[in-house]
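The values are calculated or read from the model by the stated rules, or taken from the named source; none is laboratory data. Here the structure is a predicted model, which is why all the values come from computation and not from measurement. Here the Cβ positions follow ideal geometry from the backbone for every residue, glycine too, while neighbour counts run over all protein chains shown. All accessible areas refer to the heavy atoms of the entire protein, side chains included, with ligands and DNA or RNA removed. Shrake-Rupley method; radii C 1.70, N 1.55, O 1.52, S 1.80 Å.
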Amino acid sequence: MIHPARVFREVIKHLFRKPATCAYPFEKAKIMPDFRGRIDFDSSKCIGCQMCVRACPSKAIEIPLSKVQPPAPAQIEGQPPVPAKKKFDCIMKLDHCVYCAQCVEVCPKKALIMTQDFELAHVDRKELRRHYT
Amino acid sequence: MSKITIPLGPQHPALKEPENFMLVLEGEQITGATVNLGYNHRGMEKAAEERTYMQDLYLIERVCGICSHSHTTCYITNVEELAKAETPKRALAIRTLFGELERVHSHLLWLGVAGYEMGFETLFMYTWRDREQVLDCLEMLSGNRVHYSINTLGGVRRDITAEQKAGVLKRIKYLEERTKYYISLATEETTLLARTQNVGKLPYDVAIERGAVGPTARASGIARDVRKDDPYLIYGELDFKLITHNTCDVFGRLVVRALELMESYKMIEQILNNLPEGPIAVKVPWRIPAGEAVNHYEAPRGEDIHYLKANNTDKPERLKVRAPTLANLQSVAYMMEGGWLADVPLVIAAIDPCMSCTDRAVVWNPKKGKKEIYGWEELRKMGIEHYKRRGVDFTKL
Amino acid sequence: MTLDSTLTQLAYLLIFPGFLFLALYGMYLQWLDRKLCAIMQNRVGPPWFQALADFIKLLAKEVIVPDAAESRLFRLLPFFAMAAVMTALVSIPVGRSALFGFQGDMVVVIYLLTIPTVTFFLAGWSSTSPYSTVGAMRVLTQLFAYEVPMMLSLIGPAILAGSWKITGISIFFAANPILIPTQLLGFATALVALQGKLERIPFDIPHAKNEIVGGQFTEYSGRLLAFFYLAIDMELVVGAALLSAVFLGGSLGLTRWAAIPVFLAKTLAITFLLALLKVLMARIRIEQMINFCWKYLAPLAMAQVLLDVFLKYRLG
């Protein structure tokens, strides 16, 4: 059956409806709770095993030793000296990252944390090289 | 009337990806068309050889933005076949669910693009608004709208909770209603019928001769669907119809896709209501034993074929992707000839092209008469030198 | 002529209802059209200053003239289009009566409204790029399709009113409002033909962006493009004003300032109808457009003319 202007009723209905789109930068976009966003880093948990560096499909992560290392804990009398726990930094290149969160999965100590940040665009490329300490 | 040649692409509003069609026009009618490929070659097959199987998963996902799940599932089936891994039933069901959700989102996207190409912007806006529902489902289940990354070696990465299941079912119910409306719209609206009927004819025998796949083939009356012919994942246990149409034109392709949407909704409900219990993944070793595997998969656009050769290391020796658009492009030139210029965007869009999936490079030196094999670094160097000769220096960037 | 009357005349031409009013109201209608389409398509749509912002931004952009184009013609065409549309407004009543009406001014207005279309054709043709050439051919082909139904449907009311003066026709209908409903068919055909004249969906074939990029305007940029777009906006105002004067009885006999709200209401209503046409349909092919215009639109317009002749005969 041929019916000219078949959408007419739908179109008129929409005259009295709220738009489905939103003025994005002024209105916050809604994000699902488990969205894979920027990866955050918790230096106190990292053991520097480099698993994430090897797993990363886009070579976005570097785990260098921190420049400032914490001092070794004070030696307790009668016990052998405890070596200082090494501290690691994380350099996350957000322009390389594909947000697959594979690093979060392989991390044995849960030092990498998935966040829901998604507004990461920047005009300066240097800003995309995040250095977490 | 004198003939003029019009280039459609590589940059053109009708094409979302760079590809070139040279059209010879006589007035408004097309007397000849050639398809030129290769503007979007990204060297992914080569890159895959330099990465581990796990890293390749995320690379292969990016072969195509819309059928990202199709490519990874096809690839991962090969890997699991070679590793002789027993993928749990629940993981297979979840993969099937994602395959169908992806089909829904791809077909709704196509419906919008078709509306846009024929200048029916209202249809475009409405379908894309409703497509947000299925994208929300995918984001809720996997954590991203387009690159779901749900597959992992030996299973899937995320399980489905009861809450998520209810959320998906609710959205699917809404989409089912809307799709019924779009079907009635597509089969009744006068201008839409005028633009789609008898446009881009691809008769049954030509479709077979040119190797058309997917909805393009099914709209020409070819009952071919990998899901039925060679059931993979859990498609063997699902109840669905194979949709064909016999008008052989753009209208047929529209109807096939719309009815496939209804079948997909049915399948999604079946999968969610009978989700098998159990683990969602098994461990797969990093090294894959030497061997070869080929698998096919019914992507939203048609049959997708992956070939994988392993050599007992943690990196594949060779990976070959045959994307459905490559199979369908042969038919496009046939469909355009004798048609109107105004129909060209619609005819191209009707195969639901995905050019970046398709572009491949073959290095063949006719003087030496043999194929040359380049490494990743060599190809990169060649590329930089090529652009240097043209006056662009990429090393400074 | 005294200095005072010259100044008033100049104000009429440049401010109201001339250039300034026409340009601003045209931009307003363009925005309204876009906003209405957006709402009907369930979108937010552009903010109120969008049309003006687009215009200013285009003015600031570089003008590129293709080497192969005839430079002088290429640069002059947008102004020709604008001048023709502004001249047409002189004879169309905005408010009570036209600035300069005379017997037969309707024919002149119809011809003046054809000039922009011809400049579009020349613009496409003189750009010499393949897309523009195809666009130009489409402009001309389309002109032959909608021009006849447009003219036929405007002739009807003229016959009934017994006047070839637009102001005369609108005064006649204002005096006999009972006759307005009889012109419904002619109004509908004129509306569809106006949609074709303004090259909007479903008749935006000459510059169908998915087929031939920008059509006749492909090579235009910056200031020149801005003035072409302004000319199209003005054409929308003039077209709507013409239809409201000829078919809807103009200002309904109201005088002076009271007439202006009536004029605005009617043009806004016509813009709404045009926007509605735009969202309801898909773009059709050029050959389908010609078929449609000659097979359906022209006979319908002709039927209206016959009805008007009959009415005129019965009314004496």
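Numerical summary
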item: Highest-first arrangement of B:321-328, B:147-154, where packing means the average Cβ count within 10 Å; result: B:321-328, B:147-154
item: Solvent-accessible area per residue for the protein assembly as shown (1.4 angstrom probe, square angstrom); result: 45
item: Under 5 Å, built H, 5+ apart or other chain: amide partners of B:ALA299; result: B:ASP304
item: Backbone N within the stretch B:105-121 under 16 Å of label point (7 Å from A:GLU10 Cα along the Cβ vector); result: B:107-121
item: Estimated buried accessible area (total), pair A and C, 1.4 Å, Å² to nearest 100; result: 1000
item: Percent of alpha-carbon pairs separated by more than 27 Å within the stretch B:236-368; result: 46
item: Accessible surface, 1.4 Å probe, highest first, among residues B:ARG390, B:ARG178, B:ARG227; result: B:ARG390, B:ARG178, B:ARG227
item: Candidate aspartates and glutamates for bridging to B:LYS381, where Cα separation is under 15 Å - those fewer than 8 sequence places away on the same chain excluded; result: B:ASP393
item: Simple spin-label estimate for A:LYS28 and C:THR6 in nanometres, 7 Å along Cα-Cβ; result: 6.6
item: Drop in accessible area of at least 40 Å² in the complex versus isolated chain, residues of the stretch B:27-48, 1.4 Å probe; result: B:GLU28
item: Net charge contributed by nearby residues that have their C-beta within less than 11 Å of A:CYS46 (K/R +1, D/E -1); result: +4
item: With DNA, RNA and ligands ignored, accessible area of C:LYS295 (1.4 Å probe; Å², nearest 10); result: 130
item: For B:340-347, mean number of other protein chain Cβ atoms within 10 Å; result: 5
item: Separation between Cα centres of the stretch B:179-218 and the stretch C:11-45, rounded to whole Å; result: 40
item: Phi to ³J(HN,Hα) by Karplus 6.51 cos²θ - 1.76 cosθ + 1.60 over the stretch B:14-24, Hz, x for Gly, Pro; result: 7, 9, 7, 10, x, 7, 10, 10, 9, 10, 9
item: Carbon/sulfur fraction of accessible area - chain B, other protein chains in place, 1.4 Å, %; result: 53
item: Pair B:GLU188, A:LYS67: separation of 7 Å Cα→Cβ label points (nm); result: 7.1
item: Helix runs (DSSP H) in chain C reaching 18 Å along axis by Cα, Kyte-Doolittle at least -1.0; result: C:19-40, C:71-90, C:105-127, C:130-161, C:184-197, C:222-247, C:259-280, C:298-315
item: 10 Å binning of all Cα-Cα separations within the protein assembly as shown, expressed as whole percents from 0 upward; result: 2, 11, 18, 21, 18, 13, 9, 5, 2, 1, 0, 0, 0
item: Sequence of B:HIS71, A:HIS3 when ordered by accessible area, the most exposed leading, probe 1.4 angstrom; result: A:HIS3, B:HIS71
item: Translational diffusion of the stretch C:3-144, µm² s⁻¹ [Kirkwood Rh, Cα pairs; Stokes-Einstein; 25 °C; 0.890 mPa s]; result: 138
item: Computed over the stretch C:165-232, Kirkwood Rh from alpha-carbon pairs, angstrom; result: 14.9
item: Given charges at beta-carbon only (K, R positive; D, E negative), |dipole| of the stretch C:11-315 in Debye; result: 560
item: Out-of-range pairs (alpha-carbon distance over 28 Å; input C:LYS61/C:LYS266; B:LYS84/B:LYS173; A:LYS30/C:LYS35); result: C:LYS61/C:LYS266; B:LYS84/B:LYS173
item: Test item: C:37-47 mean partner chain Cβ contacts at 10 Å; result: 6
item: Surface share of carbon and sulfur [accessible, 1.4 angstrom probe, percent] for the stretch A:71-117; result: 62
item: Heavy-atom accessible area ranking, 1.4 Å probe, most first, across B:VAL347, A:VAL82, A:VAL53, B:VAL113; result: A:VAL82, A:VAL53, B:VAL113, B:VAL347
item: Percent carbon-and-sulfur accessible area, chain C, ignoring ligands, DNA and RNA, probe 1.4 Å; result: 72
item: Which listed pairs, of A:LYS28/C:LYS278; A:LYS85/B:LYS283; B:LYS283/B:LYS315; A:LYS85/A:LYS109; A:LYS45/A:LYS86, have C-alpha distances above 20 Å, in listed order; result: A:LYS28/C:LYS278; A:LYS85/B:LYS283
item: Accessible surface buried upon A-B contact (total; probe 1.4 Å; Å², nearest 100); result: 2500
item: Among B:GLY115, B:ILE150, B:PRO203 - extreme Cα towards positive end, dipole of the stretch B:44-319, charges at beta-carbon; result: B:ILE150
item: Within-13-Å neighbourhood charge of A:PHE88 [Cβ basis; K, R +1; D, E -1]; result: +3
item: Mean shadow area of chain B over all directions, Cα convex hull, nm²; result: 21.9
item: Shape parameters for the stretch B:35-178, alpha-carbon atoms, Rg then Dmax in Å; result: 17.0, 51
item: Stokes-Einstein D (µm²/s) once Rh is taken as the Kirkwood radius of the stretch C:11-315 over alpha-carbon pairs, at 25 °C in 0.890 mPa s; result: 125
item: Between B and C, accessible area buried - total, square angstrom, nearest 100, 1.4 angstrom probe; result: 2500
item: Shielding score for A:91-98, defined as the mean number of other chain Cβ atoms within 10 Å; result: 1
item: Cα Rg, Dmax, chain A, angstrom units; result: 24.5, 96
